[in-house]
């Protein structure tokens, strides 16, 4: 997650090689946890974020394709519930940041966000909730 955020901050891109490494790790985790049925589980976990978020990408680039792939990889690694929680928290964090910056700068200009930063921040903040 952190590496993806660093790549996104530098070039607004998350390399496909990094996504593939994440998918390999997710496949391994699902095979270890569920045996051969883990392949089906992995495919289901990888597919649902792509299907649900692609409409936001198609209708005006509200989210980047790298961010969608990042959510997909996250789902294969940690499951759907935490991924949905991270989706909600990252949107809230990004929204609060945009409002704060707009008020501070006194202008409502459209900005480009490194959304993967908010995904990573939400993921790590939610980890504190899980630990307690």
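The values are calculated or read from the model by the stated rules, or taken from the named source; none is laboratory data. On a predicted model such as this, the values are computed, not experimentally measured, just so you know. FYI the Cβ positions are ideal-geometry reconstructions off the backbone, even for glycines, and counts take in every protein chain you see.
Restricted to helices (runs of 4 or more DSSP H) entirely inside the range 1-113, those with at least 2 residues that are over 25 Å from residue 125 (Cβ atoms) are 16-34, 38-58. Just one of the listed residues (72, 102) is out of contact with any strand residue (DSSP E or B) (no Cβ under 6 Å at 6 or more places or on another chain) and touching a residue at least 24 places away in the same chain (Cβ under 8 Å), and it is 72. Residue count for the range 58-76 satisfying the condition of being surrounded by fewer than 19 Cβ atoms within 10 Å (Cβ to Cβ) and over 15 Å from residue 5 (Cα atoms): 5. Among the numbered criteria (1) under 18 Å from the mean Cα position of the chain (by Cα); (2) over 22 Å from residue 8 (Cα atoms); (3) surrounded by fewer than 16 Cβ atoms within 10 Å (Cβ to Cβ), which single criterion is violated by residue 55? All conditions pass for residue 55, except number (2). Residues of the range 106-114 include at least one that is on the phi > 0 side of the Ramachandran plot and modelled with pLDDT under 90. For residue 43, the criteria (1) surrounded by 14 or more Cβ atoms within 10 Å (Cβ to Cβ); (2) free of Cβ contacts under 8 Å to residues at least 24 places away in the same chain hold in every case but one, which is (1). Scan (1) exposed (fewer than 12 other Cβ atoms within 10 Å of the Cβ); (2) under 22 Å from residue 114 (Cα atoms) for the single condition residue 35 breaks and write down its number. That leaves (2) as the condition not met.
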